[in-house]
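Participant: The structure is given below, and queries will be raised subsequently.
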Amino acid sequence: MSPTPLLQVEHVTMRFGGLFAVNDLSFTARPRQITAIIGPNGAGKTTLFNCITGFYKPQVGRITLHQDQGPVYLERLDDFDIAKKARVGRTFQNIRLFARMSVLENLIVAQHNALMRASVFSLAGLLGLARYSKAEKLGTDKARYWLNKVGLLHLADEDAGSLPYGSQRRLEIARAMCIDPLLLCLDEPAAGLNPRESQELNTLLTGIRDEHGIGLLLIEHDMSVVMGISDWVVVLDYGRKIAAGNPAEIRADEAVIRAYLGEPDEAEA
Amino acid sequence: MEYFLQQLINGLTLGAIYGLIAIGYTMVYGIIRMINFAHGEIYMLGAFISLIAFLTATTIGGTSVALGLILALVSTMILTALWGWAVERVAYRPLRNAPKLAPLISAIGMSIVLQNFSQLSQGARVKPLPPLFKGGIEILRGDSFTVSLSYLQMVIIALTVLLMAVFTWVITRTSLGRAQRATEQDMKMAALLGVNTDRIISATFVMGATLAAVAGLMVTLYYGVIDFYIGFLAGIKAFTAAVLGGIGSLPGAMLGGLLIGLIEAFWSGYFSIEYKDVAAFSILVLVLLFRPTGLLGRPEVEKI
Amino acid sequence: MAAVNLPRALRDGVLGAVVAAALALPMLGFRLVDSSQALTLGFRFDWVLWAALVVGIGRFLLSLSRDALPGRLPALALPNWGERFPKARLYLGWGLAGFAIVLPFLPFADRSLVDKATLVLIYVMLGWGLNIVVGLAGLLDLGFVAFYAVGAYSYALLATKLDLSFWLCLPLAGLFAAGFGVALGFPVLRLRGDYLAIVTLGFGEIVRVILQNWQDFTNGPAGISAIPRPTLFGLTFTANAPAGKTTFADYFGLEFSGDHRVIFLYFIILALALFTNLFTLRIRRLPIGRAWEALREDEIACRSLGLNPTTIKLSAFATGAMFAGFAGSFFATRQGFISPESFTFIESAVILAIVVLGGMGSQIGVVLAALLLVGLPEWFRELQQYRMLAFGGAMVLIMLWKPSGLLSHRAPTIRLGKEKAA
């Protein structure tokens, strides 16, 4: 295991009114690893994601992303800067594609910041300079690479909203990869997939980990995915971490079993 | 001090009228998330219908002024409500599942239609009505200025309070109100549970129009002149009031109405009458900057 | 085909007639007559009868046709051409542009026709400007007329007070309007949807009220008159040249005609409108244009991809405002006179209606809608008083007929096409 973690979450607390959605949570995720966050419904997994990606600001705690250039404190950045500067990509539980734009356009929009620089804030593009068309060509190449990777190349010119559910999920992952993330956060990527699609997803995710060397953070209910591909599992319940370990350890953990199946003595009583 | 008190009274009266119109906006927005642009015109129709009904009762029916007013109030409420219902049925209901801007454009079109319809059918000139309620009480007599509360102002404020009470009762205590609140929360779920949502939405428009009708009658009496154009500005002010109070919130609409009325009264009283509309809008922008969902609006937690 | 349900149609018809009668009774049955002494009432109950009859029969026929045509009549009437013939739009666009260029020289084009075409083009340009804000970026702006007013007053004031020429003022007016867009947008663009609508509406009214009341600067309700006309490289379009100038007619050895100026103005607005169109078509294929559309589709997804919504919204707002500013200064120079009355809410509503009726985001849709909403009523000037009634009615009917606009098909801005295999 590499000595420095990629993501370091320390004492993060997020309250909504009196409800502690995430309560004093600390864990780390390492580069080139898939870290799964699991837990019963309402355990605070998505809230945690929203804290990491800046959509919520935690009341307490620090979230650090370790880049080569040094640490970046995510809780201090705006959500769009977390994607732009810290390079954390994410997908959403309820898929959020640009439904009335084409599949390819979805991936081009994801490269907005790079293309904006190349087009000198669109000026070069307005004047029709070669500099921009070259940049757009590179952007298209990247999009093509990822479309090929997720098996959607033949659908590149279709409206994203017209794709079947499983394809939309894969497209969302491809889109997030187009920002060149260091950390990719996936919110239930296997939800609603059939077993075959689920298997393909496993291949895709391990491929991203092994070939692109980035860290993945994964919320998932599908245990075949979690146990099959995770290197590390963090278990949440009621906003707190109740266990962390490799898949084998988690499978045997008493606290985890209790959280999922209920207190045995309660059931008897 | 006397001057201040007088402006306060005037502002409250005006605010009560705005508040009554604002409720129509806020309820419709709450239930179908749409700015009912024609609502100001419904209020304008209310003003015309009330004047016509009152004149019919007194000149043709030969009733006394008091009886004429009561008859006018009742018939205006019924007939204006019917207009509100018809507008929804014709211009909005077919667009229930259309893109978001379609009903808005339809509503703006409806507003233009109603405005021009009134102009054509009743003429473009302002319609004056001699004051019916004369007199009032002197509250405070200062050295140079006397604060008075006219009987009409008392009637307007009392009627508004009464309507608000009835209205709150309908919303919170009756099955219609319960169905309305359910539809507002989740239209699909309410429909699944057997609520006839189309009917509930119609009822919402009818209620809003009824209150606007009362506001129309009040304005006819208070200012003594009406024309086909009064709906536009009053509509905008009332919508501003609804947003200021927090759109979707009934107490918010009333509070917003009162605030807009007070701002206008004080601004014209102390600064300049020309810029009173600017003042109202500026306050709205300021409030929205600090409370994006209005004064009493529930903060929307965005589901991500 | 479903069986015709006659009893139901009859019931619908009778019900419709009853409701129409009740609606018409106060507003049509009575008429307020303001004689010199007091308000009295006139009667025309026959009108109520007519209204009931018309509505009743209409409702009856509608009810019948619903049964007879299960496919719904409206859907048959206008197929989605854009989708069926992807190239049709391109040809239609070029065809329209070509027609617009030769229009003034066609035999049937008299002065009044060119004048009407100029008016339509102003609205086309405004529509295209607002299309950037509403159609592409999805920001509901109900106060677009404010930027139009800023452009018009910028030119009028710069020209009458500082004696600057139209061609110098045109870009300045655009810049001022864009600046206003940024100044307004900065505080309010974080508001969502309908809150933005009411604030922009309020802003539009504020601008008008200020124009109306700031006597010293804007000359109040009386407006600004004697606004200079544009020149063609210094050539004027007057009968007699002012000192030190040459007239267009003299220079080319033509006989003076007032038509020259009308045609000249027509070509200015045509050029401005085409520029707006080309700009929009181009920017839609650039990162900023795609970001506008992405923002319309899903703001949260945009944020997750590193797009800063505030700057993107601001750029859309300012760009739209800039084109309104151009159009405004053209309006001022064409009319020679402007007053706050030209910049009421109804103008904003008309422009928005053009965008939405055209099919949000569709450039050709805007042209069609402008022809329909602005051009058509111009031919019925004689029916002045019914014009606005018909205008409002048309807005409602077109929305009911085509809720997503006349041309709602959207073509991708970039295609992989044949490269897919590569």
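The values are calculated or read from the model by the stated rules, or taken from the named source; none is laboratory data. This structure is a prediction, so every number in the text was calculated from the model and none was measured. Glycine gets a Cβ as well: all are built from the backbone with ideal geometry, and neighbour counts include every protein chain shown. The area values use the complete protein model at the heavy-atom level, side chains included, leaving out ligands, DNA and RNA. Shrake-Rupley method; radii C 1.70, N 1.55, O 1.52, S 1.80 Å.
Participant: Segment A:119-168 to segment C:95-130: how many Å between their Cα centroids?
Facilitator: 37
Participant: Could you tell me which helices of chain C pass both thresholds, a Cα extent of 18 Å or more along their own axis and a mean Kyte-Doolittle hydropathy of at least 0.5, with helices taken as whole DSSP H runs? Before the final figure, lay out the partial values.
Facilitator: Working: long enough: C:6-24 (26 Å, 1.25); C:45-68 (35 Å, 1.12); C:88-102 (21 Å, 1.36); C:111-130 (29 Å, 1.17); C:145-162 (24 Å, 1.22); C:166-188 (32 Å, 1.85); C:193-213 (30 Å, 0.97); C:258-283 (38 Å, 1.44); C:309-335 (38 Å, 0.59); C:345-358 (20 Å, 2.53); C:384-401 (25 Å, 0.98).
Both cut-offs are met by C:6-24, C:45-68, C:88-102, C:111-130, C:145-162, C:166-188, C:193-213, C:258-283, C:309-335, C:345-358, C:384-401.
Participant: Then there's this: Just to check, using Stokes-Einstein with a Kirkwood Rh over alpha carbon pairs, what's the diffusion coefficient of segment C:252-381 at 4 °C and 1.567 mPa s in µm²/s?
Facilitator: Values: Rh = 17.3 Å.
Result for D is 75 µm²/s.
Participant: Could you tally the net charge around A:CYS178, taking each other residue with its Cβ under 12 Å from the Cβ of A:CYS178, Lys/Arg +1 and Asp/Glu -1? Could the numbers behind the result be given before it?
Facilitator: Values: positive: A:ARG87, A:LYS142, A:ARG144, A:LYS149, A:ARG175; negative: A:GLU105, A:ASP141, A:GLU172, A:ASP180.
Here the charged neighbours net out to +1.
Participant: Working out 0.36 nm times the residue gap between C:LEU61 and C:GLN215, then minus their Cα-Cα distance, what length gain in nm do you get to one decimal?
Facilitator: Details: separation 154, 0.36 × 154 = 55.44 nm, distance 5.65 nm.
Gain in length upon complete extension: 49.8 nm.
Participant: May I pose another question? How large is Rg over Rh for segment B:1-107, taking Rg from the Cα atoms and Rh as the Kirkwood inverse mean of 1/r across Cα pairs? Working shown, then result.
Facilitator: Working: Rg = 17.8 Å, Rh = 16.0 Å.
Rounded to two decimals, Rg/Rh equals 1.11.
Participant: If you line up the long axis of helix B:39-55 against the longest principal axis of chain B, both from Cα atoms, how many degrees apart are they, to the nearest 10?
Facilitator: For B:39-55 against chain B, the angle is about 50 degrees.
Participant: Angle, helix A:195-212 long axis vs. longest principal axis of chain A, Cα atoms, 0 to 90°, nearest 10?
Facilitator: The answer is roughly 70 degrees.
Participant: Within 13 Å, Cβ to Cβ, of B:LEU250, how many net charges do the neighbouring residues add up to if Lys/Arg are +1 and Asp/Glu are -1?
Facilitator: On the way: positive: B:ARG181, B:ARG298; negative: B:GLU184.
With Lys, Arg at +1 and Asp, Glu at -1, the neighbours total +1.
Participant: Assuming 0.36 nm per residue, please report the length gained on full extension of the stretch C:ILE300 to C:ARG31 beyond their Cα-Cα distance.
Facilitator: Working: separation 269, 0.36 × 269 = 96.84 nm, distance 5.47 nm.
Result: 91.4 nm gained on full extension.
Participant: Mind checking the angle between helix B:250-270 and chain B's longest principal axis? C-alpha axes, 0 to 90 degrees, to the nearest 10.
Facilitator: Around 40 degrees separate the two axes.
Participant: Just the accessible area for A:LYS45, please: 1.4 Å probe, Å², rounded to the nearest 10?
Facilitator: Counting only protein heavy atoms, the figure is 10 Å².
Participant: Taking K and R as +1 and D and E as -1, what net charge do the other residues with C-beta under 13 Å from the C-beta of C:ALA239 add up to? Let's see the in-between values first.
Facilitator: Details: positive: C:ARG229, C:LYS245, C:ARG261; negative: C:ASP250, C:GLU255, C:ASP259.
It works out to a net charge of 0.
Participant: Just need the relative contact order of segment C:6-68 here, percent rounded to a whole number, with Cα pairs under 8 Å and 6+ apart.
Facilitator: Relative contact order of segment C:6-68: 48 percent.
Participant: While we're here: Let me have the relative contact order for chain C, percent, based on Cα pairs under 8 Å that are six or more residues apart. Don't skip to the answer; put the middle values down first.
Facilitator: On the way: 599 pairs, mean separation 99.8, N = 422.
It comes to 24 percent, rounded to a whole number.
Participant: In what sequence, highest mean first, do B:147-157, B:108-118 appear when ranked by Cβ atoms within 10 angstrom?
Facilitator: Peptide ranking by packing, descending: B:108-118, B:147-157.
Participant: Pop the C-beta distance of C:LEU232 and C:GLN385 into the FRET formula with R0 = 51 Å and round what comes out to the nearest 0.05. Mind showing how you got there, number by number?
Facilitator: Numbers: r = 39 Å, r/R0 = 0.77.
Given R0 = 51 Å and the Cβ-Cβ separation, E is 0.80.
Participant: Calculate the FRET efficiency for B:ILE78 and B:ASP186 from the Cβ-Cβ distance with a Förster distance of 56 Å, rounded to the nearest 0.05. Intermediate values should be presented prior to the final figure.
Facilitator: Numbers: r = 32 Å, r/R0 = 0.56.
FRET efficiency, B:ILE78 to B:ASP186: 0.95.
Participant: Also, I was wondering about something else. Accessible area, 1.4 Å probe, largest first: how do B:GLU138, A:GLU75 sort? Write down the numbers at each step before the final one.
Facilitator: Details: B:GLU138 110, A:GLU75 40 Å².
So, going from the largest accessible area down, we get B:GLU138, A:GLU75.
Participant: Another one. Using only the alpha carbons, work out the radius of gyration and Dmax of segment C:82-401 in angstrom.
Facilitator: 19.9, 65
Participant: Ok, one more. So for each of B:25-38, C:256-269, A:28-41 I average, over its residues, the number of other beta carbons within 10 Å; can you give me the resulting order with the highest mean first?
Facilitator: Details: B:25-38: 24.6, C:256-269: 17.8, A:28-41: 20.2.
Result, highest mean first: B:25-38, A:28-41, C:256-269.
Participant: I've got another one for you. What does the structure give for C:192-203 when I average, per residue, the other chain Cβ atoms found within 10 Å of the residue Cβ?
Facilitator: Per residue, the average neighbour count from other chains is 6.
Participant: Something else now. What lysines sit close enough to C:LYS313 to cross-link, taking a C-alpha to C-alpha distance under 24 Å and skipping anything fewer than 8 places away on the same chain?
Facilitator: A:LYS57, A:LYS84, A:LYS85, B:LYS100, B:LYS303
Participant: What does the structure give for B:117-126 when I average, per residue, the other chain Cβ atoms found within 10 Å of the residue Cβ? Intermediate values should be presented prior to the final figure.
Facilitator: Values: counts 6, 1, 3, 6, 10, 8, 4, 1, 2, 1.
Mean partner-chain Cβ count within 10 Å for B:117-126: 4.
Participant: For A:HIS112, A:HIS221, A:HIS11, give the ranking by accessible area with the largest first, probe 1.4 Å. If you can, show how the numbers build up before the last one.
Facilitator: Values: A:HIS112 10, A:HIS221 70, A:HIS11 105 Å².
Output order, biggest surface exposure first: A:HIS11, A:HIS221, A:HIS112.
Participant: Let me confirm one metric for peptide C:20-30, namely the mean number of other chain beta-carbon atoms within 10 Å of its residues' beta-carbons.
Facilitator: Numbers: counts 1, 0, 5, 8, 1, 5, 16, 12, 4, 3, 10.
Counting Cβ atoms of other protein chains within 10 Å of each residue's Cβ and averaging gives 6.
Participant: What is the spin-label model distance, in nm, from A:LYS57 to C:GLU378 if the labels are put 7 Å beyond Cα along the C-beta direction?
Facilitator: If labels sit at A:LYS57 and C:GLU378, their model points lie 5.3 nm apart.
Participant: Right, here's the next one. Would you please give the FRET efficiency between B:LEU120 and A:ALA130, computed as 1/(1 + (r/R0)^6) with r the Cβ-Cβ distance and R0 = 51 Å, to the nearest 0.05?
Facilitator: Numbers: r = 61 Å, r/R0 = 1.20.
The pair B:LEU120/A:ALA130 has a calculated efficiency of 0.25.
Participant: With springs only between Cα atoms under 10 Å apart, run a GNM on chain C and tell me which of C:ASP298, C:ASP250, C:ASP34 wobbles the most.
Facilitator: Of C:ASP298, C:ASP250, C:ASP34, the Gaussian network model singles out C:ASP34 as fluctuating most.
Participant: Just the Cα atoms of segment C:6-68: what Rg and Dmax do they give in Å?
Facilitator: Here Rg and the maximum Cα pair distance are 15.7, 57 Å.
Participant: Related question: How many angstrom lie between the Cα centre of segment B:154-220 and the Cα centre of segment C:16-66?
Facilitator: Distance between centres, Cα-based: 28 Å.
Participant: If packing is taken as the average count of other Cβ atoms within 10 Å, what order do C:401-411, B:283-293 fall into, highest mean first?
Facilitator: Values: C:401-411: 19.9, B:283-293: 16.0.
For the peptides C:401-411, B:283-293, the packing ranking is C:401-411, B:283-293.
Participant: Just the number, please: percent antiparallel of the DSSP beta bridges in the protein assembly as shown, rounded to the nearest 5. Write down the numbers at each step before the final one.
Facilitator: Details: 36 of 54 bridges.
In the protein assembly as shown, DSSP labels about 65 percent of beta bridges as antiparallel.
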